[in-house]
Amino acid sequence: MTLPTPKAHLQSVADTVAGRSAAEPEFLQAVREVLDTLEPVLAQRPEFIEAGILDRLVEPERQLIFRVPWTDDAGRVRVNRGYRVQFNSALGPYKGGLRFHPTVNLSVVKFLGFEQIFKNALTSQRIGGGKGGSDFDPSGKSDAEVMRFCQSFMTELVHHIGEHTDIPAGDIGVGGREIGYLFGQYRRITQRYEAGVLTGKGVGWGGAEVRTEATGYGAVFFAEEMLLRAGEGIEGRRAIVSGSGNVATYAIEKVQQLGGTAVTASDSSGYIVDEAGIDVELLKQIKEVERARISEYAERRSSARFVSSGSVWQVPGELAFPCATQNELDVDDARALIAGGVRAVAEGANMPTTPEAVELFQAAGVLFAPGKAANAGGVATSALEMSQNAARSRWDRQTSESRLHDIMRDVHASAYEASVRYGRPGDYVLGANSAAFETVAQAMLEQGVI
Ligand code: NDP
Ligand code: 2IT
């Protein structure tokens, strides 16, 4: 059998996916972004072509779509759609979050599940990749409605998850409250206290210290590693952050702890600019406790203003952390950031930067960290939570944060070293994709055609 060249092979995989998933734009975007960087790896490892690794990797092992009926406070029956895509388990049980947001569809869940395979490989924690969620919109719902929805969602999901098979966690719209309701229903149906079946639990009943903070903290640690390599740091620098949820809040907190100043936060209604630096306690009060809109922040703090139109990326800063959602930072935003003197961009969200914007940053010499590396701290700490659950142990905050920090240093080192090995030092997109792909591909190769 003559093998196709790496280029021809990548094209054929891309064509197959495009043909099969024509109606899944986010998934196609995530796949293309990976395939575009793998030619140098395949040139050195033709056995990956021969074993059809990529042909298999782009097809989920299993996809579940189910009905989620629930009753609202007015007594009306509502129906949402639930998803769980179990993408790849070569390295360990499927692991990845659940997203509750009206924009959730199969394309979104597949893009997130696909990225999760590579991200999880980079953490070296022996976890496979999966993702799930629903088009349920928790905003404006009462606690009781959210609880009934979560109970119904789990009543189906219970058949497909387990501490050795698939371990969900949070993502957009799913935080500690939702994980609590989901766990309660799992425990009730199974009559088992299987703590390791979900991560992001309350710290009083099996949750890991610092899991809440881990994704945001980790993204800042990753940015710090990129800057340190270049002989620079976070201290004294001004940061632009989008979002005001779990990831954004703790990215802001860590930037300030390291001596930088984060001056923005946003939600789907607009953004705030606070030249005095974001007051993290006020932000938490408004977003975590009151679940109110970001404009409320400007109402309560005189140094801040609320902007309801345009993009947060028009605000100049040296560091940028997109922490809201996919494709939130486009070419115009990248141009504005570059003109404003941005030095480093680290993706706290999954795929927030469009491919054209990534190219612009790289061409301008901006240090750019893709989400699958920069935001790996969340899932890595989830894996640490699973270890603690299995050992019936509990680490203190200091130990937990220092493990997270070590993991982010290692993720940075793997991505950087791969970028050097494959001829583009400092290209963290190529580095993260290649390092992760090598790990997953090798495991798939050794486990045979399954
Ligand atoms: P949250 O639900 O806590 O916060 C999401 C934030 O993003 C909110 O401020 C929300 O504003 C904003 N947002 C969400 N969707 C949109 C949209 N379509 N348009 C504009 N703004 C939007 O989610 P997280 O902070 O957990 O997640 C943020 C990102 O980080 C996501 O990409 C997620 O996949 C990624 N991520 C999360 C991890 C985690 O551990 N939680 C781990 C790794 C990555 P509003 O309230 O107005 O909708
Ligand atoms: O995108 C992500 O990595 C997450 N939402 C966290 C997944 C997890 O299992 O902790």
Selection from Ala436, Ala418, Asn389 lying farthest towards where the dipole of the stretch 370-442 points positive, charges on Cβ: Asn389
Radius 13 Å from Cβ of Phe48, net charge of other residues (Lys, Arg +1; Asp, Glu -1): -4
Alpha carbon Rg of the stretch 256-401, scaled by the compact-globule rule 2.2 N^0.38 Å: 1.18
Asp332 accessible area, assembled protein chains, probe 1.4 Å, Å²: 100 Å²
Difference of contour (0.36 nm per residue) and Cα-Cα distance, Glu59 to Arg305: 83.9 nm
Residue with peak Gaussian network fluctuation, the chain [Cα springs, cutoff 10 Å], from Ala14, Ala363, Ala43: Ala363
Where His164, His405, His101 fall by accessible area, highest first, once all protein chains stay in place (1.4 Å): His164, His101, His405
Which of Tyr181, Tyr297 is most accessible, then next, and so on - probe 1.4 Å: Tyr181, Tyr297
Mean accessible surface per residue for the stretch 101-165, computed with a 1.4 Å probe while every protein chain stays in place, in Å²: 32 Å²
Within a Gaussian network of the chain (alpha carbon springs, distance under 10 Å), most fluctuating of Gly310, Gly175, Gly245: Gly310
At R0 = 45 Å, FRET efficiency that the Cβ-Cβ distance of Arg392 and Ala339 yields, to 0.05: 0.25
C-alpha center-to-center spacing [the stretch 387-450, the stretch 31-102] in angstrom: 19 Å
Cβ-based charge dipole, the chain, positive-most Cα from Ala324, Ser139, Ala376: Ser139
Residue-level accessible surface for Cys150, protein heavy atoms, 1.4 Å, Å²: 0 Å²
Per residue solvent-accessible surface (Å²) - the stretch 342-387, probe of 1.4 Å: 21 Å²
Two-decimal Rg to Rh for the stretch 336-450 - Kirkwood Rh, Cα set: 1.05
Share of carbon and sulfur in the accessible heavy-atom surface of the stretch 308-450 [1.4 Å probe, %]: 49 percent
Accessible surface of Ile189 - all protein chains present, 1.4 Å probe, nearest 10 Å²: 70 Å²
The chain: relative contact order as a whole-number percent, Cα under 8 Å and 6+ apart: 15 percent
Charge dipole (debye, nearest 20) of the chain; +1 at Cβ of Lys and Arg, -1 at Cβ of Asp and Glu: 1020 debye
Most fluctuating residue given options Gly218, Gly170, Gly204, as computed from a GNM of the chain linking Cα atoms under 10 Å: Gly204
Interchain or long-range residues, amide H under 5 Å from Gly130's placed H: Phe87, Lys95, Gly96
Two-decimal Rg to Rh for the stretch 1-141 - Kirkwood Rh, Cα set: 1.07
Vicinal HN-Hα couplings computed from phi for the stretch 297-307 (Karplus, 6.51 cos²θ - 1.76 cosθ + 1.60; Hz; Gly/Pro x): 4, 5, 5, 9, 9, 5, 7, 10, 10, 9, 10
Sequence of Val34, Val420, Val358 from largest to smallest accessible area, 1.4 Å probe: Val420, Val358, Val34
The stretch 307-376 - Rg over Rh from alpha carbon coordinates, Kirkwood radius: 0.92
From phi via Karplus (6.51, -1.76, 1.60), per-residue ³J(HN,Hα) for the stretch 145-156 in Hz, x at Gly/Pro: 5, 4, 5, 5, 4, 4, 5, 5, 4, 5, 4, 8
In order through the stretch 369-376: 3J(HN,Hα) via Karplus (6.51 cos²θ - 1.76 cosθ + 1.60), integer Hz, x for Gly, Pro: 10, x, x, 5, 9, 5, 9, 6
Potential lengthening between Ser142 and Thr16 on full extension [0.36 nm per residue; Cα-Cα distance subtracted]: 40.9 nm
Solvent-accessible heavy-atom area per residue, rounded to whole Å², over the stretch 177-280 at 1.4 Å: 33 Å²
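The values are calculated or read from the model by the stated rules, or taken from the named source; none is laboratory data. Quick caveat, the model's predicted, so the values are computed rather than measured. So basically every Cβ, Gly included, is an ideal-geometry build from the backbone, and we count neighbours across all protein chains shown. SASA here: full protein model, heavy atoms, side chains in, ligands and nucleic acids out. Shrake-Rupley method; radii C 1.70, N 1.55, O 1.52, S 1.80 Å.
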